[in-house]
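Here the structure comes first, spelled out in structure tokens, and everything after it is commentary.
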Amino acid sequence: MNTQNLLHYEIILLLAKYGEKQVLEAFASHLRLPSDVLEAKLLEMSKLKPRVTTKKRPEPSAIIDSLVIQHPDKAECLKKLFSRFQNRTFLPELKDLKRFYNRHADDLGRVKSRTDAIPKLFKLIASLDIKDLTNLCDDFKAGEYSSLGILSEEIMKREKREK
């Protein structure tokens, strides 16, 4: 139990034991305020609504546009991969996306959807050299790779490196 809960319970007990009027008068005298001023302030506070802010996600297309501006030589591949990503022919599932990211960089972190991963993923893709990016565009044709296909390809690469 945290201190905030204890405070609430103590206030409830005080109100139950002494009543609202006596508790407000004691509280007002402790704060050196007239009790009617304290009541007015408490009434104002109860009318206030908490401001709820939501974090707006940047539009995926805006992210791609900014990357295209930064990397004009990679624009065609970035747009093509983004289009394939949107229609789910490139990294169709979140698990595929995480595998791809782990293969080329560090851990993706806590991402709950493919859309949430777009900024990190496409920054990574834009950082690839043109040869790798072109190969990526050519390799990922619609429906060509499955999860098992990617996995077996990685195993084959490891076996070649070990030899």
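Things to note:
- Virtual spin-label span in nm between N2 and S35, 7 Å along Cα→Cβ: 3.3
- Taking all pairs of distinct alpha-carbon atoms in the stretch 1-96, Kirkwood radius in angstrom: 19.4
- Using the Cβ-Cβ distance between Y18 and E44 with R0 = 22 Å, the FRET efficiency computed as 1/(1 + (r/R0)^6) comes to roughly 0.40.
- Spin-label model, I11 to T53: label points 7 Å out along the Cα-to-beta-carbon direction sit 2.4 nm apart.
- Site pair A26 and K79 shows an inter-label distance of 7.3 nm when each label is modelled 7 Å from Cα along Cα→Cβ.
- Summed side-chain charge close to C77 - residues other than C77 whose Cβ falls under 13 Å, Lys, Arg +1, Asp, Glu -1: -1
- Calculated FRET efficiency for the pair L94/K131, C-beta based, R₀ 25 Å, to 0.05: 0.35
Any read-out appearing in this document is the output of simple, stated calculations on the displayed coordinates, not a laboratory observation. In this text the structure is predicted, and so the values were computed from the model without any measurement. As a convention, Cβ positions derive from the backbone with ideal geometry for all residues, glycine included, and neighbour counts pool all protein chains shown.
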